[in-house]
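The values are calculated or read from the model by the stated rules, or taken from the named source; none is laboratory data. Just so we're clear, the structure is a prediction, and the values are computed from it rather than from any experiment. No Cβ is skipped: glycine too gets one built from the backbone with ideal geometry, and neighbour counts run over all protein chains shown.
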Amino acid sequence: MPERLFVCTPSKLGAYTDCPRRYRYSYVDRPTPQKGPPWAHNSLGASVHTALKNWYATAPDRRDPSIVPALLRATWVSEGYRDSDQQRAVYHRALGWLETYVTGLDPADEPLGVERVVAAKTSVLAFNGRADRIDARVDDDGRPEAVIVDYKTGRSELDADDARGSQALALYAYAAARVFRRPCVRVELHHLPTGTVAAHEHTPESLDRHVGRAEETARDILAAEKAVTAGGDPDEAFPAQPGTLCGWCDFRRVCPAGSAMPAKEPWTAVDRPD
Ligand code: SF4
């Protein structure tokens, strides 16, 4: 029998790479172990992403920074904040980011995709993922190309190494080239808090290396799942990898290794003086 393809998203692969036990809690154990409370930084990220999605769903002649407050109010996710004062401060911070960001956009631009699912298969995996934005641009030689754009709302500014090293962006590029039948080698991280863009131009070889690493992860996951199905100890097949990420892990409270690590408050990542 041929091996089945491993169906995955970037976050599924990333969960295993970060910590196999977290992968098990998220994707193997059923019912799913109880998660901790929602995170304010996830609420902030979701609010900003949806506002930008709705920017592009608005008719081009209405794409003006003056509509941003209405877009953000309509999509605001209020979970995870310490209190209403903190939430209000973060809302106004996000509003400022968005107003600055859309001022730099051409209202007439129609991306190839916004929150667009792209998918591709290799001999090992069937990948699908939702790219924040896929731009239609022309390269330096005037040929049409697709560019992957990923919005970031975290604290730290990102650089070209972050764009180069992102497996998710590379897999989106690999899939987008096949879906849109045009080259897609450029990936960009748009960091809204600083208004900076970290970009990397992949080569076919560097994309292949990312795909190869994703396939290796997929093989490891399949082997671990097989071991459990064959009666192996799930704790051994999916070992805990405790570290700094435990403080941010949804499963820290149910994870014996993680619960020994320091906890973060749900609002820690958005807590800063304005
Ligand atoms: S708490 Fe830490 S060790 Fe436990 S699953 Fe999460 S990341 Fe892994």
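Computed values, structure above
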quantity	calculated
Members of the range 11-48 found to be surrounded by 19 or more Cβ atoms within 10 Å (Cβ to Cβ) and either in contact with a strand residue (DSSP E or B) (Cβ under 7 Å, 6 or more places away or on another chain) or among the acidic types (D, E) (or both), listed by number	V48
Lone qualifier among L52, L98, L72 - being more than 16 Å from the ligand (Cβ to nearest atom), part of a helix (DSSP H, G or I), hydrophobic (A, V, I, L, M, F, W, C) and closer than 23 Å to L171 by Cα	L52
Matching option when the condition is at pLDDT 95 or above and within 15 Å of E145 (Cα to Cα), among V211, V187	V187
Pairs with Cβ under 6 Å, 6+ apart, first in the range 25-48 and of a type outside the set (V, I, T), second within 12 Å of the ligand (Cβ to nearest atom) and in a helix (DSSP H, G or I)	S26/A15; P33/Y25
Qualifying residues in the range 215-274 (those that are closer than 28 Å to R155 by Cα and β-branched (V, I, T)) - the one farthest from the ligand (Cβ to nearest atom)	V270
Scan of the range 151-168 for residues that are within 20 Å of H210 (Cβ to Cβ) and touching a helix residue (DSSP H, G or I) at 6+ places or on another chain (Cβ under 6 Å), ordered by number	Q167, A168
Residues (assigned to a helix (DSSP H, G or I) and among the charged types (D, E, K, R)) located in the range 55-68	D61, R62
Test for C8: is it buried (at least 18 other Cβ atoms within 10 Å of the Cβ), in contact (Cβ under 8 Å) with a residue 60 or more places away in the chain, more than 16 Å from the ligand (Cβ to nearest atom) and closer than 30 Å to L125 by Cα	yes
